[in-house]
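Report on the structure given below.
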Amino acid sequence: MKQSNAAAALPETRGALLWAARVWGSFFFTGYAPVASGTVGSLAAALVYWFLPFSGNGVILFLLACAVLLTGVPAATLLEKHHGDDPSLVVIDEVAGMWLALVFLPKTWVALLAAFLFFRLFDIIKPAPARQLDRMRGGAGIMLDDVIAGIYANIATQLLLLFL
């Protein structure tokens, strides 16, 4: 029996899908850094934020972070299936978290540096409920603990800027 065109293309499609997941999930290969891939991914997200002309608009940045979250979950899920639990090459979660850390902050070097440092701190120590979310399997677990870290970092940076 002849194989249908859709079935014949399936392995190629899966290969292309895995390639796209690697590009996006590693945030354009920054997740392949040999050490501290999460920090490298966070730094890449901060640099993209700094150089995008519209990133100072909090609503646009929030929508971008949500888009990264929604597209990052399936990419992280696929990469976890291929590379094992929460692979270090997946840093798209850092991008979503870092951008949430920067939402509605002034676009200044002080705010950027504070948000970056707070985000890395909260991503590492994982205060509740981030620790519980980090234990979840799949892309949602990979992504959501960084969302919480980003929210905490945003609050901490907002408070810090009140006193500067």
Could you tell me how many of the residues in the stretch 131-164 are part of a helix (DSSP H, G or I), under 15 Å from Asp93 (Cα atoms), of a type in the set (A, V, I, L, M) and out of contact with any Phe, Trp or Tyr (no Cβ under 7 Å at 6 or more places or on another chain)?
8
Thr157 - would you say it is of a type in the set (S, T, N, Q), over 30 Å from Ala20 (Cβ atoms) and either buried (at least 20 other Cβ atoms within 10 Å of the Cβ) or touching a residue at least 40 places away in the same chain (Cβ under 8 Å) (or both)?
yes
Being in a helix (DSSP H, G or I), touching a helix residue (DSSP H, G or I) at 6+ places or on another chain (Cβ under 6 Å) and either within 13 Å of Ala96 (Cα to Cα) or free of Cβ contacts under 8 Å to residues at least 24 places away in the same chain (or both) is the filter here; which residues of the stretch 40-60 pass it?
Gly41, Ser42, Ala44, Ala45, Ala46, Tyr49
Would you say Trp19 is within 16 Å of Phe119 (Cβ to Cβ), at pLDDT 90 or above, over 11 Å from the mean Cα position of the chain (by Cα) and open to solvent by 50 Å² or more (accessible area, probe 1.4 Å)?
no
The condition from (1) surrounded by 15 or more Cβ atoms within 10 Å (Cβ to Cβ); (2) under 16 Å from the mean Cα position of the chain (by Cα) that Leu70 misses is numbered (1)
Residue list for the stretch 128-157, restricted to those being modelled with pLDDT of 90 or more, closer than 16 Å to Leu100 by Cβ and touching a Leu at 6+ places or on another chain (Cβ under 7 Å)
Met143, Leu144, Asp145, Val147, Ile148, Gly150, Ile151, Asn154, Thr157
Within the stretch 75-91, track down each residue that is touching a Leu at 6+ places or on another chain (Cβ under 9 Å) and either farther than 15 Å from Ala44 by Cα or not in a loop (DSSP other than H, G, I, E, B) (or both).
Leu78, Leu79, His82, His83, Pro87
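The values are calculated or read from the model by the stated rules, or taken from the named source; none is laboratory data. Quick caveat: nothing in here was measured; it's all calculated off a predicted structure. Counting neighbours? That spans all protein chains shown, and the Cβs are built from the backbone with ideal geometry, glycine included. To get the accessible areas, we keep the full protein, side chains included, count just its heavy atoms, and leave off ligands, DNA and RNA. Shrake-Rupley method; radii C 1.70, N 1.55, O 1.52, S 1.80 Å.
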